[in-house]
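To start, the structure itself, in structure tokens.
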Amino acid sequence: MQRLDIKTFKSIVFFTGAGMSAESGIPTYRGQGGIWHEYKIEEVACQEAFERDPLRVLQFHELRRQKVLECRPHAGHRVISDIEKELDNVVVVTQNIDGMHQFAGCKNVIELHGSLWRLRCPVHGVWEDKGEKYTSYHCPHCDRWARPDITWFGDLLDNQVIVQAEEMMVRADLLITIGTSAVVWPAAGLVQVALQNRVLSIEINPKATSVSHLYEQSIRGQAGQVLPELLSWK
Ligand code: APR
């Protein structure tokens, strides 16, 4: 594989999905062994499910937290965090809620779909809760059930977050998309913004996606192997 020297780019966006965390041991959503084959979205990942059975939904997310805490960032995560330390104008826009980029040391991460490590009360707002188990299933200020601060199916994305991500996509002159099936909107639409701006665009995924042909380069491979082989930045 020919190395790409990325230090001359002015604004670099890594756009990541569940496949980015796959080699760390965190299951993806749709492929083989995907979470949505084992669980029903309408039972664990939407507001209606939470209103019907909050404990079930919270326990599902608690299981996911336990799983993530057993996992570690891989070489691909480390490459991105090394690049972020070395170069200005590097941002990770991720659909992942697992925090694995931050565990690898990344600071500049836009979490489109929220985080497993935050809870939220409709009245008292958002707070961090990072243990294996939730400290409490209820808001510390009132008796309401605490909701994972995650964008579930049917939820709107946080407007501030989407505006910030769009700005990065407009500005990007290098887009590297890793490990997403690119079927969930509006996240998938963000990529189109960058692609329309004629940035250098690269997709890394072991399988072709419905948008592979839109990229200048679509590399069939695993994030943890391709990223260290592809990028040079010193
Ligand atoms: N390296 C790179 N890509 C990989 C790897 C790997 N090691 N392993 C799997 N992939 C690819 C798969 O081929 C697939 O295209 O990662 C992609 C994972 O796709 P999805 O499971 O659909 O995950 P994602 O695109 O992140 O899902 C988007 O859907 O369920 C919602 O909110 C959830 O954020 C999620 C959104």
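The values are calculated or read from the model by the stated rules, or taken from the named source; none is laboratory data. Quick caveat: nothing in here was measured; it's all calculated off a predicted structure. Cβ coordinates were reconstructed from backbone atoms using ideal geometry, including for glycine residues, and neighbour counts include every protein chain displayed.
Remark: pairs (first residue in the stretch 181-208, touching a residue at least 40 places away in the same chain (Cβ under 8 Å) and basic (Lys, Arg); second residue assigned to a strand (DSSP E or B) and surrounded by 22 or more Cβ atoms within 10 Å (Cβ to Cβ); Cβ separation under 6 Å; 6+ apart in sequence or on different chains) are absent. Applying the condition of being more than 13 Å from the ligand (Cβ to nearest atom) and either surrounded by 18 or more Cβ atoms within 10 Å (Cβ to Cβ) or within 18 Å of His113 (Cβ to Cβ) (or both) to the stretch 193-214 and asking which residue is modelled with the lowest pLDDT yields Val199. Residue selection: Ile26 satisfies the criterion of being part of a loop (DSSP other than H, G, I, E, B) and of a type in the set (Val, Ile, Thr). Assessment of the stretch 89-106 against the conditions (farther than 25 Å from Gln192 by Cβ, without any contact (Cβ under 8 Å) to a residue 24 or more places away in the chain, in a strand (DSSP E or B) and touching a strand residue (DSSP E or B) at 6+ places or on another chain (Cβ under 7 Å)) yields no matching residue.
Taking the criterion of being within 12 Å of the ligand (Cβ to nearest atom) and buried (at least 23 other Cβ atoms within 10 Å of the Cβ), the residues of the stretch 69-94 that qualify are Gly76, His77, Val93, Thr94. The single condition among (1) assigned to a helix (DSSP H, G or I); (2) within 12 Å of the ligand (Cβ to nearest atom); (3) over 30 Å from Leu174 (Cβ atoms) that Gly33 does not meet is (1). Taking first residues from the stretch 1-12 that are farther than 20 Å from Met168 by Cα and in contact (Cβ under 8 Å) with a residue 40 or more places away in the chain and partners that are acidic (Asp, Glu) and not in a loop (DSSP other than H, G, I, E, B), the Cβ contacts under 7 Å between residues at least 6 apart in sequence or on separate chains come to Met1/Glu229.
The residues of the stretch 199-234 that are charged (D, E, K, R) and within 21 Å of Gln2 (Cβ to Cβ), listed by number, are Glu203, Glu216, Arg220, Glu229, Lys234. Residues in the stretch 60-116 that are more than 15 Å from the chain's Cα centre (by Cα) and among the β-branched types (Val, Ile, Thr): Val79, Ile83, Val90. Is there a residue in the stretch 174-191 that is modelled with pLDDT under 95, more than 13 Å from the ligand (Cβ to nearest atom) and buried (at least 17 other Cβ atoms within 10 Å of the Cβ)? No, the stretch 174-191 contains no residue that is modelled with pLDDT under 95, more than 13 Å from the ligand (Cβ to nearest atom) and buried (at least 17 other Cβ atoms within 10 Å of the Cβ).
Against the condition away from the ligand (no atom under 16 Å from the Cβ), farther than 26 Å from Ala172 by Cβ and touching a Lys or Arg at 6+ places or on another chain (Cβ under 8 Å), how does Glu62 come out, does it pass? Criteria met by Glu62. Considering the stretch 31-59, the residues that are crowded, with 17+ Cβ neighbours inside 10 Å and not small (Gly, Ala, Ser) include one that is nearest to the chain's Cα centre (by Cα), namely Ile35.
Within the stretch 43-76, the set of residues being in contact (Cβ under 8 Å) with a residue 60 or more places away in the chain and not hydrophobic (A, V, I, L, M, F, W, C) comprises Gln47, Glu48, Pro54, His61, Glu62, Arg65, Gln66, His74, Gly76.
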